[in-house]
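Below is one structure, written out as structure tokens; the observations come after it.
The values are calculated or read from the model by the stated rules, or taken from the named source; none is laboratory data. From a predicted model like this one, the values you see are computed outputs, not experimental measurements. Neighbour counts are summed over all protein chains in view; Cβ atoms, including those assigned to glycine, are modelled from backbone coordinates with ideal geometry. Side chains included, ligands, DNA and RNA excluded: accessible areas come from the protein's heavy atoms. Shrake-Rupley method; radii C 1.70, N 1.55, O 1.52, S 1.80 Å.
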Amino acid sequence: MFFKKKLQRRRYRFYGEVQAVGFRWTALTAAKRCGATGWVKNEPDGSVSMEVQGAARQIKHVLVSLQADDCIRIEQTEEATAPVVPDEKDFRVKYE
């Protein structure tokens, strides 16, 4: 029997030692490895924002990869549900 994965999208804001430590590269690599989509970007206040979309296991893979990185020190995380973007095909780093 075929089961379609249930897409969900989560919005995160990470605080701590999260800039200039490879955070965006780690998120990008983890998302591409598991097939999640979305984006990640540095914020002016030193935090990092990210939206990640996929099945629950894909989102968890990205988060576990960030927490496992020796250089990244997440001290606080804000999390919220975001609307699914139906035609999104990739995960990218935003530079805006």
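Dividing the summed helix terms, -39500 (n - 2.57) for each DSSP H run of n ≥ 4, by the number of residues in the chain produces a 222 nm estimate of -8000 deg cm²/dmol to the nearest 500.
Of all the accessible heavy-atom surface of the chain, with the other protein chains kept in place and a 1.4 Å probe, what percent is carbon and sulfur?
Numbers: 3170 of 6090 Å².
Ligands and nucleic acids excluded, carbon and sulfur give 52 percent.
When the Gaussian network model of the chain links Cα atoms closer than 10 Å, the mean-square fluctuations of Ala30, Ala56, Ala68 top out at Ala68. Stokes-Einstein diffusion of the chain at 37 °C, 0.692 mPa s viscosity, Kirkwood radius from Cα pairs, rounded to a whole number: 245 µm²/s. Restriction of the trypsin sites (Lys or Arg not before Pro) in region 1-70 to DSSP coil positions whose beta-carbon has at most 11 other beta-carbons within 10 angstrom yields Lys4, Lys5, Lys6.
Available extension along the chain between Ala68 and Lys32 is 11.3 nm, counting 0.36 nm per residue and deducting the alpha carbon span.
Of the whole protein surface, Glu17 contributes about 100 Å² of accessible area at a 1.4 Å probe radius. In the chain, the longest principal axis of the Cα atoms and the axis of helix 56-68 are about 20 degrees apart.
The number of Lys pairs in the chain with C-alpha atoms less than 20 Å apart, excluding pairs fewer than 8 positions apart on the same chain, is 17.
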